[in-house]
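So the structure is just underneath, and the comments pick up after that.
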Amino acid sequence: MIKMVKDKKYAFIDQGYKPTRNDLVCMFRVTPEKMSVKEAVNNVALESSIGTWTPVSSNKKYVNKLGAKVFAISGNWVKIAYPQELFEEGSVSNILSSVAGNVFGMKAVKGLRLEDISFPKKLLKSFCGPRFGVEGYRKILKIRDRPLVGTIVKPKLGLKTKDHAKVAYESWVGGCDLVKDDENLSSQKFNPFEKRASKTLEMCDKAAEETGEKKGYLINVTAEVMLMLRRADLVKELGGKFVMHDVITAGFASLETLRQNSKLGIHSHRAMHGAFTENPNHGLSMMCVADFARMAGSDSLHIGTGIGKMRGGKREVSEIREEIEAMKVDKTPHRLQQNWQGLKSTFAVCSGGIYPGHIPYLMKNFGNDIIIQAGGGVHGHPDGTAKGATAMRQAVGAVMSGETLEHYGKTHGELMRAMEFWGKIRF
Ligand code: CAP
Ligand code: MG
């Protein structure tokens with residue numbers, strides 16, 4: 001029982017405590033400011049659960065049992081257990097407002113990084129999770145075991161609708177399975193949403209018919225939530241199967257709204273994540289973002305590449321891929337064990353400075369259950385968009401048939417051209 005009287009310095013520290021299956025557990029890295037790790041993390045535990053800077057006379061004894069418990073301190077790494085009754089079921093925002101709320105702005109800490117969270121069964125089961133995930137996308141696109149190949153229409157902004165739809169069409173007939181809008185394209189005057197949706201989905205159907213392959217368009221519906229839902233409804237009416245959503249800039253509650261009110265596949269872009277995920281000593285890790293995206297209903301999520309233009313090393317990307325695709329994950333120094341209680345997987349997306357030469361690395365390190373996306377790596381091909389798309393598919397074909405790109409390129413010219421053009425590029 002937490003003592004709310006004299007010894008408040010360590011009232012939330014209980015290193016003898018063994019977390020139960022009803023506890024949500026957070027793993028933090030704490031850099032204290034002018035105090036010990038123990039004192040600093042006591043502040044983190046009280047501020048992220050039921051406490052404040054002084055005992056309050058309005059407190060009731062029954063509230064104390066909801067207090068967080070710091071049960072492990074190893075150097076700057078600490079683990080805190082929170083009873084699940086502390087949180088509203090089915091609400092990512094509510095959990096974040098506790099464990100990732102005020103704590104990041106406290107004077108008690110110079111740096112605070114929430115590295116991972118593990119969720120108890122009952123709380124986890126209160127979330128929808130993805131509607132489709134890896135299996136659902138594979139079923140819709142009739143692709144059994146190879147990675148999916150996608151592109152982003154480039155230039156990311158500025159193209160008029162007819163040119164946008166044309167670039168998308170050429171990407172599909174060249175071999176892309178998926179074409180997506182860029183994270184910052186929504187309904188600007190040069191390319192309004194309604195016109196873009198009908199014109200580009202028309203091209204999607206045309207390309208599917210001509211190639212005999214299933215094709216998908218990930219159109220960006222990010223907007224004020226009522227407008228977002230109206231846009232998703234229009235996509236459905238037009239026969240679209242997928243939408244794209246900027247989960248960080250729009251928020252997890254917006255993703256929950258989309259998941260619970262539309263029957264379309266949801267591709268989550270993580271634009272702005274770097275503002276709080278990239279500092280190793282402060283902020284919220286991409287692992288936590290991935291946890292919440294899977295819970296809130298993301299069917300596919302950008303996780304990094306380990307080799308392209310964006311940050312994120314191979315170990316981090318690999319652990320996040322497991323976290324969002326596996327049914328159970330083991331603990332590692334940066335990750336807590338998690339049983340996903342049957343929640344569907346979220347398809348991992350490797351994107352950002354990717355070109356065909358990167359594909360063997362991506363498949364070797366992250367397997368075949370990935371969506372490999374390239375914007376510049378398709379539309380920057382010396383022979384244009386369609387050939388660029390073909391070169392991406394050929395690179396996947398080479399790895400699937402156990403051949404090197406160099407050898408496969410001898411009989412697949414689009415790939416060879418891409419290798420000659422970008423072969424020396426390193427990020
Ligand atoms: C990639 C991209 C994606 C990034 C996002 C871009 O384009 O469209 O938004 O992949 O990063 O705008 O940069 P290129 P992440 O293929 O031309 O690089 O996947 O790390 O979230
Ligand atoms: Mg982009």
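The values are calculated or read from the model by the stated rules, or taken from the named source; none is laboratory data. Quick caveat: nothing in here was measured; it's all calculated off a predicted structure. All Cβ positions, even for glycine, are placed from backbone atoms using ideal geometry, and neighbour counts span all protein chains on display. Surface accessibility is based on the protein's heavy atoms, side chains included, excluding ligands, DNA and RNA. Shrake-Rupley method; radii C 1.70, N 1.55, O 1.52, S 1.80 Å.
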DSSP-loop GluC sites (Glu not before Pro) across region 197-237, with at most 11 other Cβ within 10 angstrom: 224
Could you tell me how far the Cα centroid of region 354-427 sits from the Cα centroid of region 315-333, in Å? 26 Å
Once the dipole of the chain is set up with Lys and Arg at +1 and Asp and Glu at -1 on Cβ about the Cα centre, which of 86, 373, 55 lies farthest towards its positive end? 55
What aspartates and glutamates sit close enough to residue 121 to cross-link, taking a C-alpha to C-alpha distance under 20 Å and skipping anything fewer than 8 places away on the same chain? 23, 85, 88, 89, 256, 291, 322, 323, 325, 330
What whole-number value in Å² describes the accessible area per residue of region 110-218 for a 1.4 Å probe? 41 Å²
Entries in 125/328; 60/107; 199/387; 309/424; 18/65 that, when Cα-Cα distance is taken, lie over 19 Å: 60/107; 199/387
Name the GluC sites (Glu not before Pro) in region 18-100 that are in a loop by DSSP and that have at most 10 other C-beta atoms within 10 Å, would you? none
For region 378-427, which GluC sites (Glu not before Pro) are in a loop by DSSP, counting at most 16 other Cβ atoms within 10 Å? 403
Defining a contact as two alpha carbons under 8 Å apart and six or more residues distant in sequence, what relative contact order in percent does the chain show? 16 percent
Given a cut-off of under 8 Å on Cα pairs at least six residues apart, what relative contact order in percent is computed for region 198-349? 16 percent
Of all DSSP beta bridges having both residues in the chain, the percent classed as antiparallel (nearest 5) is 45 percent
Cβ neighbours within 10 Å, averaged per peptide: list 310-316, 149-155 in order, most packed at the top. 149-155, 310-316
Computed magnitude of the charge dipole of the chain (debye, nearest 20; Cβ of K, R +1, Cβ of D, E -1): 820 debye
Okay, helix-only estimate at 222 nm for the chain: each DSSP H run of n ≥ 4 adds -39500 (n - 2.57), divide by all residues, round to 500 deg cm²/dmol; what do you get? -11000 deg cm²/dmol
With angles folded into 0 to 90 degrees, how steeply does helix 286-296 sit against the dominant principal axis of the chain? Use alpha carbons for both and round to 10. 80 degrees
How charged is the neighbourhood of residue 381? Take every other residue with its Cβ under 13 Å from the Cβ of residue 381, and add Lys/Arg as +1 and Asp/Glu as -1. 0
Quick one: which residues, 5 or more positions from residue 109 or on another chain, have an amide H under 5 Å from its amide H? H modelled 1.01 Å from N in the peptide plane, none for Pro or chain starts. 33
Probe radius 1.4 Å, ligands and nucleic acids ignored: give me the carbon and sulfur share of the accessible area of the chain as a rounded percent. 52 percent
For a quick protection proxy, order the peptides 9-16, 260-267, 388-395 by their average other-Cβ count within 10 Å, most packed first. 388-395, 260-267, 9-16
When the dipole is taken about the Cα centre of region 282-427, and only Lys, Arg (+1) and Asp, Glu (-1) are charged at their Cβ, what size is it in debye, to the nearest 20? 260 debye
Quick one: 3J(HN,Hα) in Hz for region 401-415, Karplus 6.51/-1.76/1.60 with θ = phi - 60°, rounded, Gly and Pro as x. 9, x, 9, 6, 5, 4, 5, 5, x, 4, 10, 9, x, 4, 5
With +1 on each Lys and Arg Cβ and -1 on each Asp and Glu Cβ, and nothing else charged, work out how big the dipole of region 15-144 is about its Cα centre, in Debye to the nearest 20. 500 debye
Take the alpha carbon atoms of region 42-92, find their center, do the same for region 240-296, and report the distance between the two centers in whole angstrom. 26 Å
First select every other residue whose beta carbon is under 13 angstrom from the beta carbon of residue 143; then total the charges, Lys and Arg +1, Asp and Glu -1. +3
